[in-house]
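Chemist: Take this structure first; my questions come after.
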Amino acid sequence: MSFHSYQFPGATLQLFAAAEDALAQIPPAFGLEATVAVNPYLGQAGESRVQAATRLARVAGARITAPREVIAAWLEAGRVTKQDIAAAAVGAGLDPAQVQKALHDPSPAYCPDPTLVDLAARETGQDWPALIADRVGLWAGGHFDKGQALWPAPGGSAFKAWRAFALRDLTPGLRGLRGFCAFAASLPTDPRAAFAELTGRLGLSTEAAPLYLHRLAMSLGGWAQYVRGLGWADGLKGERNALGFEMLVIRLAWEVALLDSFGEQLSTPWAQALKAHAAPLEPSLDLRIDLALQEAADQAEERALAEKLPASGGRAGAPTPDIQAIFCIDVRSEPFRRALETADPGVQTRGFAGFFGLPIAHLGLASDQREARAPVLLEAALNSQVAVSGKADQAERITRRATRAWGRFKLAAVSSFAFVEAAGPLYLGKLFGSAMAQDDAPSPEPVPALDLPSDARIALAGRVLRAMSLTSGFAPVVLIAGHGVNSPMVRGRLLP
């Protein structure tokens, strides 16, 4: 049934908006081929520290402050002073003596506001959160597969795919959630219609929705972050997907399924939980104390750093270096930088983002997919490709397809055992080589070619140097050093 045939009331539209806001609170996570460190508090960037700490404590039981034991050790070591703690306590409107005393108590545990699944686990004694994590993870692993699975699941709408999976999933019924398959069959096929129906059956109010839906998204673990990353990538292209919303609807379905099965036991605690979700973001006393202690630690670190930094402002008046070497800001590059500067005082090194302002999408050998060779947070604006002939590319495609077909044949359910019995002895040499770490190194990727006119190359180089703040005092030699990475799961190379 098409979404356009539905007309939702204003309260339901507010719940849709709350769902979008809740999903925006989740930081994206990206696949290993484009992994990048993401601020875990990205979704709370517009909030104060107090608001963010209160929110995350309530939706995930998470703490954003250092444990009290750590700050107590810093106090004993002189890294933080009693004056720092007293000043932070006064700034937070707390009694300094109370904060000092609390410093020697164990760090409190923050309990998130309960979902219906949490309440069902408490009332029935069964670990429903673990079951849901298992079933959702099993389905999602197949649905979002990118070619690793031997039997991949069909793509399309995430909610429709999950619904088809749930219609045949007998595990919930065997674990005590009777009628789960019939319940899944009764849901609308349109995810928005299902969302409206499910939230209505839960009695979810517009006041409780923001924190409750954020709490559900957090309970999806890494899958919520993964689909958020997919949405982020689509957003860079001016596109939009509903994967995050559909994952939220899937999680809502489990809530209602448990409410249907254990309604008599859950009705009263669920009504109380809804009131808790609707309560405003107000920090508890323990949280206020933890935030004050964190502020004291931050102020102490800021003061120590200010004392270490030179007042003159750095290299002003320093002689022009013989070589300027720019490396990626990366732990693998730091030893090279220190070694160069130690070996020759005429070498000046700098750190910069590893893609050096070159957002390139690269088309590899025998591939139809351009791989971003820049942080996934950016949309690639330049294109490169391997410098090989069309004939060589075609030959490599044939070789790789044959290798993949042979590998799938060896692992297929109908042929794997017979293959081992018939051909297993032929692989003794290879097994021995693997055991002795004598496997051949992977073949290097052919040299890349960037099809860019000279004037565009010059303009691009100028932008790169300005981004590095390298606009004057050039050394005779300016070296830009990129790096590559090789692992059993991903291979990537920087194109400097």
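Just so it is clear, none of the values below were taken in a lab; they were calculated from the coordinates. Just so it is clear, the structure is predicted and the values come from calculations on it, not from any experiment. Virtual Cβ from ideal backbone geometry, glycine too; neighbours counted across all protein chains shown.
Chemist: Which net charge results for the neighbourhood of ALA279, defined as the other residues with beta-carbon distances under 10 angstrom from its beta-carbon, given Lys and Arg at +1 and Asp and Glu at -1?
Modeler: Local charge sum for ALA279: -1.
Chemist: If you don't mind, there's one more thing I want to ask. Report the gain in length on full extension from SER454 to ILE323: 0.36 nm times residue separation, minus Cα-Cα distance, nm rounded to one decimal.
Modeler: Taking 0.36 nm per residue and subtracting the Cα distance, the gain is 44.7 nm.
Chemist: Through the Karplus equation 6.51 cos²θ - 1.76 cosθ + 1.60, θ set to phi - 60°, convert the phi angles of region 104-119 into ³J(HN,Hα) values in whole Hz; use x for Gly and Pro.
Modeler: Listing the rounded values in order: 9, 8, x, 4, x, 9, 9, 9, x, 4, x, 8, 5, 5, 4, 5 Hz.
Chemist: Per-residue HN-Hα couplings for region 361-374, Karplus 6.51 cos²θ - 1.76 cosθ + 1.60 at θ = phi - 60°, whole Hz, x for Gly and Pro?
Modeler: Computed from phi, the couplings for region 361-374 are 9, 10, 9, x, 5, 6, 10, 10, 10, 7, 9, 5, 9, 7 Hz.
Chemist: Taking N as the number of residues in region 8-306, what value does Rg over Cα atoms divided by 2.2 N^0.38 Å take?
Modeler: Against the empirical 2.2 N^0.38 Å value, I get 1.13 for region 8-306.
Chemist: Kindly put SER205, SER333, SER186, SER472 in sequence by how many other C-beta atoms sit within 10 Å of each C-beta, fewest to most.
Modeler: Result, fewest neighbours first: SER472, SER186, SER205, SER333.
Chemist: Further question on the same structure: Take peptides 359-366, 102-109, 255-262 and line them up by average Cβ neighbours within 10 Å, highest first, as a rough protection proxy.
Modeler: Sorting 359-366, 102-109, 255-262 by mean packing, highest first, produces 255-262, 359-366, 102-109.
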